[in-house]
Structure formats: C-alpha cells, structure tokens
1. Given the conditions (1) of a type outside the set (Ser, Thr, Tyr); (2) in contact with a Phe, Trp or Tyr (Cβ under 9 Å, 6 or more places away or on another chain); (3) free of Cβ contacts under 8 Å to residues at least 40 places away in the same chain, report the number of the one that residue 245 does not fulfil.
2. Please list, ordered by first then second residue, the pairs with beta carbon atoms under 6 Å, 6 or more apart or interchain, first in region 56-68 and free of Cβ contacts under 8 Å to residues at least 40 places away in the same chain, second part of a loop (DSSP other than H, G, I, E, B).
3. Given the condition assigned to a loop (DSSP other than H, G, I, E, B), β-branched (Val, Ile, Thr) and open to solvent by 30 Å² or more (accessible area, probe 1.4 Å), answer yes or no: does some residue in region 19-42 qualify?
4. State whether the residues of region 248-262 include one that is among the β-branched types (Val, Ile, Thr) and within 21 Å of residue 26 (Cβ to Cβ).
5. Which of the residues belonging to region 193-222 are among the polar types (S, T, N, Q) and out of contact with any helix residue (DSSP H, G or I) (no Cβ under 9 Å at 6 or more places or on another chain)?
6. Hey, residue 157 hits all of (1) in a loop (DSSP other than H, G, I, E, B); (2) open to solvent by 10 Å² or more (accessible area, probe 1.4 Å) but one; which does it fall short on?
7. Check every one of the strands (runs of 3 or more DSSP E) wholly within region 175-289 and list those with 1 or more residues that are surrounded by fewer than 16 Cβ atoms within 10 Å (Cβ to Cβ).
8. So, in region 278-294, exactly how many residues are under 17 Å from the mean Cα position of the chain (by Cα) and either touching a residue at least 40 places away in the same chain (Cβ under 8 Å) or closer than 29 Å to residue 219 by Cβ (or both)?
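The values are calculated or read from the model by the stated rules, or taken from the named source; none is laboratory data. All values derive from a computational prediction rather than experimental measurement. Quick reminder, even Gly has a Cβ in these numbers, built from the backbone with ideal geometry, and neighbours come from all protein chains shown. Keep in mind that these areas ignore ligands, DNA and RNA; they rest on the heavy atoms of the full protein, side chains included. Shrake-Rupley method; radii C 1.70, N 1.55, O 1.52, S 1.80 Å.
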Amino acid sequence: MRLFYTDHFELPLPDTHRFPMSKYRLLRERLARSDLHRDDVFIVPPAATDEQLLLCHTMRYLDAVKTGTLTTAEIRRIGFPWSPAMVERSRRSTGATIEAARAALQDGVSANLAGGTHHAFADAGEGYCVFNDAAVAIKTLRREGLVQRAIVIDLDVHQGNGTASILAGDPDSFTFSMHGAKNFPVRKVASDFDVPLADGTGDDEYLEKLRESLATIEKTNQFELAIYLAGADPFSGDRLGRMKLTKAGLAQRDTLVLEWCNSQGTPLAIAMSGGYAANVCDIVDIHAETIRQASKQQRNV
C-alpha cells in the first residue's frame, strides 16, 4: 500500500499545545518499524498547487494564507500561528490526500498519514484546518477526468462543516458525517447525510448507527471514490471527543468502512483527521490500527 506522509513539514508547536503535532511523526515511525508494513511504500507528496486549491478556495483567502495577511481573527479561528511552515505544511497535507486518492484508484486503498482537514471553508480556515484536503482531492481528480461521483465518509467526532459547505449543491459529491451532536462546531452545516450522536455514546450504539447509515447510503448511488476521515477522537480518552469508544470499537468502525467500500468496489483514500488524547501514544495506536487493517485488505484484494 502507498502511504503519503508530511511530518517533515510539521509545525514546531510546544508539547503543551492541545493539538499533538508529534502524532504524525510517531505514526510514520511506528508503521516503518512494523514487519506488517515492510512492503508498503512511504512517499513524501508534492504540495497542492494554487490551481488545485482554487478549485475549492477563494483567491482572496489563498492569497492571505500565502502572504501572511490573514487577520488576527482569522488566525485565531484556525488555531495555529501563521508562518511559512504553516503554509507549506497545509499544502503538503492537501497534496497527500490528492495523491492518496490517485493511488487508491490504482491500488484499491491508500492513505495520507495526516489530513482530514474538514473544517476549512472556501474562504476561511477553522479548527486547525487551513485547506480542505478531501474537497480539493475530489475536485482535482474530477477535473482530471479520473472520477465523477465521490463520497466523503467523515467519522471524526466533529461535524465536517467545511466539507459540507464546499461540496453543497454538488450532485456528484456525497458528504456523510457521524459526529457528536453537541460538540464543535457549534453551528453545523448540513451534510448530505448527518448522524448526530449524544455525548457518551459507546461502541455498541456507535457501530449500530454506522451499519445502518452505510446501508442507507448504499441505496443512493455507486461511488467511484471514497475518502474516509478516520478520526481518533471518538476515543474515550480523547480530551475533546466526549464519546466513549474503545480502541477495539474504533477498530471495528474501520473494518465496517473498509468492508463496505470493498463490497461496493469503491476505491478508498484514508486521512487521519482528529485525535487529542492526553497520551499521544493512544492516538498513534488508533491511527496505526486503521492503517494496519487497510494494508491487510489491500494485500488480500
């Protein structure tokens, strides 16, 4: 399986910052040491181009990000201080999802070991998200004539408001978000299919809702590409998640998504999305299990 990584471009955030940037490096290192992944290929992706980003973002916003002329309020909304490294990291993370989507069309499944920046809107960043990698990937591959109909399966604990906004009204894109009803963002943007869950939701209820949701979506149309945001933040130990899923439950979640895409013959690109556990090793455990399952399926297809 081809795995795209961007941790060489991560931001030098202090360990006290609640966004654990080190998880990306630790995840790649964990996978690279594993015998299970010895045949997987680790690739540094190209940065997303202006042309690609402008498929989903406004010229004013892109220019402000590039030149460091975002307002104080815009920077606060993103949650990261502006720097040239922030711009490069955001471009690379988006580029990684574009490349993972291309690889998935050839190999069946691929992954970006970062990404899942679903709070980025056309004209603004939000919640640690600068550019919307899933939306840009879909629009890029569609422009290239590689796919037409695509689905975003967003299982981050926070609703994918930016993705829903950018892809709203697009008849060939389907957005599915299963998330905490009372969690961030306060103002949700309607996806094509939203499944809000109560605080404290555990494995059994979550997995049953997911099974039901995938069965319902299956009736809509066949998809030529799926992008799966495999958030680690529904975990019971997450500082921002407010749900009660175990690591075993999250692994079952991944299995359901992988098996559903496989049964539909839908190529799958995975992005890691959120994870804010106090112990960064818990986040890495969850993300590594997602990749482990995907890698096993890719070899068995």
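1. Of the numbered conditions (1) of a type outside the set (Ser, Thr, Tyr); (2) in contact with a Phe, Trp or Tyr (Cβ under 9 Å, 6 or more places away or on another chain); (3) free of Cβ contacts under 8 Å to residues at least 40 places away in the same chain, the odd one out for residue 245 is (3).
2. Close Cβ pairs satisfying both conditions: 64/70; 68/82.
3. no
4. Keep residues of region 248-262 that are among the β-branched types (Val, Ile, Thr), which gives 255, 257.
Going one step further and asking which of them are within 21 Å of residue 26 (Cβ to Cβ), we end up with none.
Checked against the condition, which is being among the β-branched types (Val, Ile, Thr) and within 21 Å of residue 26 (Cβ to Cβ), region 248-262 yields no hits at all.
5. Step one: filter region 193-222 for residues among the polar types (S, T, N, Q), giving 201, 213, 216, 220-222.
Residues satisfying the conditions are 213, 216, 220, 221.
6. So the condition that residue 157 fails would be (2).
7. Here the list reads 193-197.
8. First, the residues of region 278-294 that are under 17 Å from the mean Cα position of the chain (by Cα): 283-294.
Filter once more, keeping what is either touching a residue at least 40 places away in the same chain (Cβ under 8 Å) or closer than 29 Å to residue 219 by Cβ (or both): 283-284, 286-294.
Going through region 278-294 one residue at a time, the tally reaches 11.
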